[in-house]
Amino acid sequence: GIQVEQSPPDLILQEGANSTLRCNFSDSVNNLQWFHQNPWGQLINLFYIPSGTKQNGRLSATTVATERYSLLYISSSQTTDSGVYFCAGQYGNNRLAFGKGNQVVVIP
Amino acid sequence: NAGVTQTPKFRVLKTGQSMTLLCAQDMNHEYMYWYRQDPGMGLRLIHYSVGEGTTAKGEVPDGYNVSRLKKQNFLLGLESAAPSQTSVYFCASSYDGRASYNEQFFGPGTRLTVL
């Protein structure tokens, strides 16, 4: 199956700082999703991004499908951005292969 | 719309007991999925369904069974629970594979502990 690697595994940010999370996948994927898992365990859809760049408020994502990676940018981080960020590559029958996540802690 | 809902939210079982987790979606999605999440890990696919009456194995299917008798419901069964099945279980759904937009949407999860 497809292997998904995320880096860095852990990140501590001062409130207001910017950061970049990276997701590499071992094989071509049909689509890519980014999720935020909040401290209560809920998975929030952030981006559905097979290629190109999308922005949603302080978050943006870029996927370069030909080079098999995606980036998630967090700008002007806030404490509510804390949690785990997952990327997942979509393959046959819309199945998702998840990475192990980026644990982000934003301190005031 | 409620989206994807899961029942129950929490459950504690003893080794050898059985139980069924229910997933329901009101988005008229064709495809449904069951994942498990263990500490420090991403989600792993257990079973999935590409339509009413169909099921297929995912990455970690052993010890689980599923049924999709109605399009809006996807049931996950544990026939004889084991401590290794202690996990958080997530259900998800999406449009079918032929659609141009196939984003998966997740339920809130079920936290299961097997003693």
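The values are calculated or read from the model by the stated rules, or taken from the named source; none is laboratory data. Owing to the predicted nature of the structure, the values given are computational and were not obtained by experimental measurement. As a convention, Cβ positions derive from the backbone with ideal geometry for all residues, glycine included, and neighbour counts pool all protein chains shown. Quick note on the areas: whole protein, heavy atoms, side chains included, nothing else; ligands and nucleic acids left out. Shrake-Rupley method; radii C 1.70, N 1.55, O 1.52, S 1.80 Å.
The table below lists the values:
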item: Qualifying positions in the stretch B:22-49 - under 19 Å from A:Gln42 (Cα atoms) and of a type in the set (Asp, Glu); result: B:Asp26, B:Asp38
item: Subset of the stretch A:91-104 that is out of contact with any Cys (no Cβ under 8 Å at 6 or more places or on another chain), facing another protein chain (nearest Cβ under 7 Å) and part of a strand (DSSP E or B) - its residue that is modelled with the highest pLDDT; result: A:Leu96
item: Subset of the stretch A:63-108 [of a type in the set (Phe, Trp, Tyr) and open to solvent by 10 Å² or more (accessible area, probe 1.4 Å)]; result: A:Tyr69, A:Tyr73, A:Tyr91, A:Phe98
item: Matching residues, the stretch B:71-101, being without any contact (Cβ under 8 Å) to a residue 12 or more places away in the chain and within 8 Å of chain A (Cβ to nearest Cβ); result: B:Tyr101
item: Boolean, B:Thr55 is β-branched (Val, Ile, Thr), in contact with a Ser or Thr (Cβ under 8 Å, 6 or more places away or on another chain) and without any contact (Cβ under 8 Å) to a residue 40 or more places away in the chain; result: yes
item: The listed residue being closer than 26 Å to B:Pro108 by Cβ and modelled with pLDDT of 95 or more, out of A:Val4, A:Val64; result: A:Val4
item: Options B:Arg36, B:Arg68, B:Arg44: the member that is out of contact with any Asp or Glu (no Cβ under 7 Å at 6 or more places or on another chain) and free of Cβ contacts under 8 Å to residues at least 60 places away in the same chain; result: B:Arg36
item: Residue match in the stretch B:21-28 (condition: open to solvent by 30 Å² or more (accessible area, probe 1.4 Å), at pLDDT 95 or above and over 16 Å from B:Tyr89 (Cα atoms)); result: yes
